[in-house]
Amino acid sequence: MQLNQAQAHPLGFVHDMDETALHNAQQDTALQLELATYFGDTLKDGSKAPEMAVIPAGWFEMGSPGHEPGHEPNESPQHYVQISRAFAIGRYTVTAEEWARFRAATGWSQVRELIQAHGREPVVNIRMADALLFIAWLNQETGQLYRLPSEAEWEYAARAGTRTPFHYGDYASCRDVLFKPMFPFPEKTKKRRSFFPQCGQMMWAMEVGTKPPNLWGLHDMHGNVWEMTASPWQPDYFQAPADGHSLPGHAGNKRIVVKGGSWFDPATAARSAARRSRLRDELDVNLGFRLVREI
């Protein structure tokens, strides 16, 4: 599918923009909306809601080419997607300490036997329904409209204009991504697999913000924990919507798309285009979520 310039946002095709232009687009959008580029709403008790980053409108190519190491058929076909309006997305996944405020305010309880995160670690072992309860509480506290990102919004924000497997380039290093070190990237380009990991194995997710951000100031889009999206799972992109804010398929689908990879998965799973299917009511120690806020 092709979009002409009249259909696209005046900012145009983000892959044609250099780093300065992409940075300026974010700054200019925030200025027009009378927001700081990075901001946090205030809760009723005076504390801050999760920190958000303004993301400019534009359009991009979603998915991965067949020659990209780690490419899977469910990332095809590559297709153009329009992000028709600016939005804000969390600079980090929602943390255990942010979840604790919700828990104290609402009385939400968790099964004691489940492993729990602490402090600035990403909150895990929660279902999508729990995440939606958190969002409803946050909307009531702030008077704003928070929600889960669509799959396209997530990938657009993660790429920040890039076409490469990762927002910083073609290769994953321990410095930039928390992944399972026995499975580095890109395995398929090596003649022989090494059984000696290049970095130490982590037994849990890191605190958010430990790894460097992308150009739009978002941390941990690659690795650490998988992140829920609002998009129902589809096995490919043949019927993907051209509008990045829309959700494909049937809302009653029991499976959703998750993005980003995790500390427990190979580096290939942390690519911008990588995607997995998870049950809506699934609990896991490597599954969390990131917020979107309408602006």
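The values are calculated or read from the model by the stated rules, or taken from the named source; none is laboratory data. The structure presented is a predicted model; accordingly, all values stated were derived computationally and were not measured. Don't worry about glycine lacking a Cβ; one is built from the backbone with ideal geometry, like all the others, and counts go over all protein chains shown. Quick note on the areas: whole protein, heavy atoms, side chains included, nothing else; ligands and nucleic acids left out. Shrake-Rupley method; radii C 1.70, N 1.55, O 1.52, S 1.80 Å.
Residues that are touching a Lys or Arg at 6+ places or on another chain (Cβ under 7 Å): which strands (runs of 3 or more DSSP E) entirely in the range 4-96 hold 3 or more of them?
Strands (runs of 3 or more DSSP E) meeting the threshold: 87-90.
So in the range 25-44, with the set limited to residues that are within 17 Å of Q144 (Cα to Cα) and of a type in the set (G, A, S), which one is surrounded by the most Cβ atoms within 10 Å (Cβ to Cβ)?
Applying the filter and picking the extreme gives A30.
Which members of the range 130-151 meet the condition of being under 24 Å from D41 (Cβ atoms), in a helix (DSSP H, G or I) and touching a residue at least 24 places away in the same chain (Cβ under 8 Å)?
A131, L133, F134, I135, W137, L138, E141, T142, listed by residue number.
Scan the range 263-286 residue by residue and report those that are part of a loop (DSSP other than H, G, I, E, B) and touching a Lys or Arg at 6+ places or on another chain (Cβ under 8 Å).
W263, F264, D265, P266, S272, A274, R280, D281, E282, L283, D284
Would you point out which residue out of Q7, Q82 is modelled with pLDDT of 95 or more, of a type in the set (S, T, N, Q) and more than 23 Å from G209 (Cα to Cα)?
Exactly one of Q7, Q82 is modelled with pLDDT of 95 or more, of a type in the set (S, T, N, Q) and more than 23 Å from G209 (Cα to Cα), namely Q82.
Could you pull out the residue among G161, G107 that is open to solvent by less than 60 Å² (accessible area, probe 1.4 Å) and modelled with pLDDT under 95?
G107
Could you grab me the full set of residues in the range 137-156 that are open to solvent by 60 Å² or more (accessible area, probe 1.4 Å) and either farther than 30 Å from G249 by Cα or of a type in the set (G, A, S) (or both)?
Within the range 137-156, just G143 meets the criteria.
Hey, among the residues in the range 216-240 that are touching a residue at least 40 places away in the same chain (Cβ under 8 Å) and surrounded by fewer than 16 Cβ atoms within 10 Å (Cβ to Cβ), which one's farthest from the chain's Cα centre (by Cα)?
Across the range 216-240, the extreme among qualifying residues is F238.
Return the residue satisfying two criteria in turn: it lies in the range 241-262 and is in a strand (DSSP E or B) and of a type in the set (D, E, K, R), and of such residues it is least open to solvent (accessible area, probe 1.4 Å).
K259
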